[in-house]
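Below is one structure; the comments refer to it alone.
The values are calculated or read from the model by the stated rules, or taken from the named source; none is laboratory data. Keep in mind that what you see is a predicted model, and the values were worked out from it rather than measured. Positions of Cβ are generated from backbone atoms using ideal geometry, with glycine treated the same way; all protein chains shown enter the neighbour counts.
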Amino acid sequence: MNTTDSSQLEGDIYLPAPAITANAHIQEYDNLYQRSIADPQGFWADRANELEWFKKWDQVLDDSNPPFYQWFVGGRTNIVYNAIDRHLKTWRKNKLALIWEGEPGDVRTFSYFALNREVCKFSNVLRSMGVKQGDIVTIYMPRIPEQVIAMLACAKIGASHSVVYGGFSVEALAERIQDAQSRVLITADGGWLRGKTVALKQIADEAIARQATIESVIVIKRTGQEVRMEAGRDYWYHDLMALPIANPFCCTDELDAEHPLFVLYTSGTTGRPKGILHTHGGYMVYTYTTLKYVFDIKDDDRYWCAADPGWITGHSYIVYAPLLNGATMFLYEGAPSYPYPNRWWQMVEKYGITILYTAPTAIRGLMRFGDAWAKRHDLSSLRLLGSVGEPINPEAWRWYYSVIGRERCPIMDTWWQTETGGFMISPLPITPLKPGSATRPLFGIEADVVNDQGQPVPAGEEGYLVIKKPWPGMLRTILKDPERYKTQYWSKFGNMYLAGDSARKDKDGYIWVIGRIDDVIKVSGYRLGTAEVESALVSHPAVAEAAAIGLPHDLKGHAIYTYVILRAGHEKSEKLAEELRNHVAHEMGPIAKPEQITFMDSLPKTRSGKIMRRVLKARALGMPEGDISTLEE
Ligand code: PRX
């Protein structure tokens, strides 16, 4: 049992029910945590030994060139070998790997055997199109099985994927294609969302017109809507998969543990999105272990992570970790409240979902429709719930716990990032919970809250969230920009990883993440950079200068507010404000659409010309402006 004496804990404590903890993989935290910190390499080697390797590693961790750490050096593997191939040798061959439901209600299922067949066929198609190790293939798709298949097919042959979230739009897609220098793009005619189709192919065409690197486009027919197909460049997926080259036998490439697996772009403090690079070996061991321990994956689970495969949550905990654990996962294409606010609960009941992992924004969004929608459904199959993406407010936590979990299911509030690859701070099913806290660091993770000098702050005080030692799932670099990797994450405190979040630790050692301390805005849990929104705005001919900030929002957590200086000859008007909001949505995607545009004659700037977003924020919230000695308006 858990050695934490819950009677000693302070605050509002929720103890997991004995029925949940009885058979959990992990029965005890404190001792195992201490051991994992005393000997992290031993701990991770044991975890890696649960998986299969073509050749075992010579060295668990190479830390000779920090912060360019390498894991399982000399080992040979392929994440797809462990995610699919190894299960084919067992009874899991005929187990369901994926159950998928489209928004219109169509259902498709894939056993491990069937998933392997599709992946092999598509790997052969990609190979025949000249895709090889070292290439980066861009994937821009709705939430359909082929998205998962495409990612796995790339990994199987040692190509990297760069998945661009299907909710992003023209410029966001174009700049990611360009940075990755992708020659092949995999997309779809469209996808279903709230009863309408999204014009993915059309957006892709516009993006390709801005970036000349794409030579071939593979298009999945999902909605059947009319799309333009360019001869010699665009190919239908179903046509390619019917050719003899789409052979259902394909060897999984044997790769170095440090071979790149994927690039995933995410917003940072300044400038363009950064291509976060993850590799096969360490990421495989890390995502496999964290999902197994935190969501306590068992063979009879039906696990549903309701994120999009286009974000890190989907990469790690839809595509890779569930398959590595031989689990059955569920994937749903559409919106949570379509056609009615009980859509999710209907599917939990219909498929007997045992684990549901989602984001606070989705919980708040469903909560606002009232309890009745959930209460009409039998949700007794649920065993564990999860939350990710932003701090969960206690009100939403309690609703999730009582109305969805029926006071039986503990909530795993998992703190982590695109950069960390997997969960870092999270409860386990045995952990006494405090609503709003991600609780304590997982095994092998030394997390702390420090002041400007890098010293731990006293309990209850706010500080920087840092990770003191490398871990296998960590990013290896920023694509083509190792310097930025070094300065952004590892330079402030010497050799500690700077997460970019502020947090505090309470007397019990529980960590409470407060939010970003940089220019990243979390809108509905999606990570956006102020700089990206600003550059989308100034790409409009009427805009001379723009500033974007995030302000608190009941549903979205934060929403984007923008301040715009117009070019001479343009008049401020409601109509222009609306046009600018739509322009941002067209360039970046609907999630980036500003809540409000305020026209300004000047912006608060430092003498060196940097926009002081902190001052704009303070003014909007009616708060003190803080140190404004460098302000020159
Ligand atoms: O601010 C933290 C917040 O999300 C950021 C990472 O965003 P992204 O790379 O898009 O990854 C999101 C999914 C892993 C973090 O820096 N965040 C994520 N999870 C939590 C969280 N904040 C509080 N509590 C969480 N559980």
Inspect region 601-617 for any residue being in contact (Cβ under 8 Å) with a residue 40 or more places away in the chain, out of contact with any helix residue (DSSP H, G or I) (no Cβ under 6 Å at 6 or more places or on another chain) and assigned to a strand (DSSP E or B) and give the result as yes or no.
yes
Need pairs with beta-carbon distance below 9 Å; first residue free of Cβ contacts under 8 Å to residues at least 40 places away in the same chain and charged (D, E, K, R) and within region 413-426, second near the ligand (Cβ under 8 Å from one of its atoms) and part of a loop (DSSP other than H, G, I, E, B); sequence gap 6+ or separate chains.
ASP413/VAL388; ASP413/PRO391; ASP413/ILE392; ASP413/SER426; ASP413/ALA438
Going by the conditions given, is VAL319 modelled with pLDDT of 95 or more and under 22 Å from ARG143 (Cα atoms)?
yes
Of the listed residues (ASP46, ASP30), the one being farther than 17 Å from ALA257 by Cα and not hydrophobic (A, V, I, L, M, F, W, C) is ASP30
Can you name the residue in region 500-548 that is farther than 29 Å from ASP601 by Cα and small (Gly, Ala, Ser) and, of all such residues, is surrounded by the fewest Cβ atoms within 10 Å (Cβ to Cβ)?
GLY509
Selection status of GLU407, surrounded by fewer than 24 Cβ atoms within 10 Å (Cβ to Cβ), within 19 Å of the chain's Cα centre (by Cα) and not in a helix (DSSP H, G or I):
no
Just to check your reading of the model, which residue among LEU277, LEU291 is within 16 Å of the ligand (Cβ to nearest atom), in a strand (DSSP E or B) and at pLDDT 95 or above?
LEU277
Only one of GLY389, GLY370 that is more than 27 Å from ALA22 (Cβ to Cβ), more than 8 Å from the ligand (Cβ to nearest atom) and not charged (D, E, K, R)
GLY370
On the given criteria, is THR223 buried (at least 20 other Cβ atoms within 10 Å of the Cβ) and in contact (Cβ under 8 Å) with a residue 40 or more places away in the chain?
no
Listing of strands (runs of 3 or more DSSP E) fully contained in region 63-130 that carry 3 or more residues being crowded, with 19+ Cβ neighbours inside 10 Å
70-73, 96-101
Scan region 483-506 for residues that are of a type in the set (Lys, Arg) and either in a strand (DSSP E or B) or within 12 Å of the ligand (Cβ to nearest atom) (or both) and report the count.
2
Take PRO244 and tell me if it is of a type outside the set (Phe, Trp, Tyr), without any contact (Cβ under 8 Å) to a residue 40 or more places away in the chain, closer than 30 Å to ASP371 by Cβ and not in a helix (DSSP H, G or I).
no
Which of the residues spanning region 411-461 are outside any loop (DSSP other than H, G, I, E, B) and either more than 14 Å from the ligand (Cβ to nearest atom) or of a type in the set (S, T, N, Q) (or both)?
THR418, THR420, THR439, ASP448, VAL450, PRO456
Residue selected from region 507-536 under the condition in a strand (DSSP E or B) and of a type in the set (Lys, Arg), by the criterion farthest from ARG364 (Cα to Cα):
ARG516
Scan (1) under 30 Å from GLU175 (Cα atoms); (2) of a type in the set (S, T, N, Q); (3) in a loop (DSSP other than H, G, I, E, B) for the single condition THR138 breaks and write down its number.
(3)
Identify all residues within region 27-61 that are of a type in the set (A, V, I, L, M), more than 30 Å from LYS156 (Cα to Cα) and surrounded by 16 or more Cβ atoms within 10 Å (Cβ to Cβ); write none if there are none.
LEU32, ILE37
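Residue by residue, here is whether (1) of a type in the set (Asp, Glu); (2) farther than 30 Å from VAL388 by Cβ; (3) modelled with pLDDT under 95; (4) away from the ligand (no atom under 14 Å from the Cβ) holds:
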{"position": "VAL538", "(1), (2), (3), (4)": "no, yes, no, yes"}
{"position": "GLU571", "(1), (2), (3), (4)": "yes, yes, no, yes"}
{"position": "LEU576", "(1), (2), (3), (4)": "no, yes, no, yes"}
{"position": "ARG581", "(1), (2), (3), (4)": "no, no, no, yes"}
I need every pair where a residue in region 435-457 that is within 16 Å of TYR497 (Cβ to Cβ) has its Cβ under 6 Å from the Cβ of a residue that is of a type in the set (Lys, Arg) and buried (at least 23 other Cβ atoms within 10 Å of the Cβ), sequence separation at least 6 or different chains.
VAL449/LYS505
